[in-house]
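Written out below as structure tokens is the structure these notes cover.
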Amino acid sequence: MRRLILVCCAILVATSAFAALTKEEVKRLSEAGAVLTELRNSPQGIPEDLWSKAECVIVIPSLKKGAFVVGGEYGAGVMSCRKGQQWSGPVFMQIKKGSLGFQIGAEQIDLVLLVMNRRGVDKLLQDKVSIGADASAAAGPVGRNATAATDAQLHAEMLSYSHAEGVFAGIDLSGGVLSPDKDANSHAYGPNVEPRNIVLGEQRSARLDAAEPFLKALRQDTRATTGRK
């Protein structure tokens, strides 16, 4: 009986340790879901043909100008990858860049990146990836019924989108550095967890209820509103 009690206590401690997200991390998941929902519902959002082919989606809500160093930007977001017809649990990510050329003088923008092939996914699951050097990227075409029109967009490992002051547009992220947010992932899944294990579903954790708005936005079927079948 004593052993059973100890085992139960250990399980409770482990469960409470996992999914112990900070308020900022919970907010990050909520805002990522809101950004993705708006982008997917907008007629000027991500083309459905490209969305259906994306291996992973990264959302960086409220990337702030000058938040990292003078003249630079820093943003924190989340990534999920396809697992058949489902989406993986969120991997917390962060991006740093010298200058993003903010739209319309905006002080912050929302970013959405589509990772279009397995090679791009493999690179992202490493310690960090430099966009444009380690992984090719192109500004994504907008309009849900649009198709990729250039060789750069057709062959890029990532397609990038921005949202500022009601305007959706592709954006050049060359020179940005993407990396997993180790602290946030540790809060969600426990210490020493590899992003690859999260994406492949090899890492189990307590249910991340805070992730549901983000995962719901990923699962949303917009075909009815676009008239596509």
Legend entry - Of all residues making up segment 152-163, the number that are modelled with pLDDT under 75 and hydrophobic (A, V, I, L, M, F, W, C): 2
Legend entry - segment 14-33 - residue that is in a helix (DSSP H, G or I) and at pLDDT below 90 and, of those, surrounded by the fewest Cβ atoms within 10 Å (Cβ to Cβ): SER16
Inset, instruction - Pull up segment 195-221, narrow it to residues that are in a loop (DSSP other than H, G, I, E, B) and surrounded by fewer than 16 Cβ atoms within 10 Å (Cβ to Cβ), then point me to the one that is modelled with the highest pLDDT. - result: GLN220
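Every residue, every condition in (1) within 17 Å of ASP110 (Cβ to Cβ); (2) in contact with a helix residue (DSSP H, G or I) (Cβ under 7 Å, 6 or more places away or on another chain); (3) at pLDDT below 75, yes or no:
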residue: GLU55; (1), (2), (3): no, yes, no
residue: ILE60; (1), (2), (3): yes, no, no
residue: LYS65; (1), (2), (3): yes, no, yes
residue: GLY71; (1), (2), (3): no, no, yes
Inset, instruction - Just name the residue that is modelled with the highest pLDDT out of those in segment 127-151 that are among the charged types (D, E, K, R) and more than 23 Å from ARG40 (Cβ to Cβ). - result: ASP134
Inset, instruction - Looking only at segment 77-88, count how many residues are touching a Ser or Thr at 6+ places or on another chain (Cβ under 8 Å) and either surrounded by fewer than 23 Cβ atoms within 10 Å (Cβ to Cβ) or of a type in the set (A, V, I, L, M, F, W, C) (or both). - result: 4
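The values are calculated or read from the model by the stated rules, or taken from the named source; none is laboratory data. The model shown is predicted, which means the values in this text are computed figures rather than measured ones. Methodologically, a virtual Cβ is constructed for each residue, glycine included, from the backbone with ideal geometry; neighbour enumeration extends over all protein chains shown.
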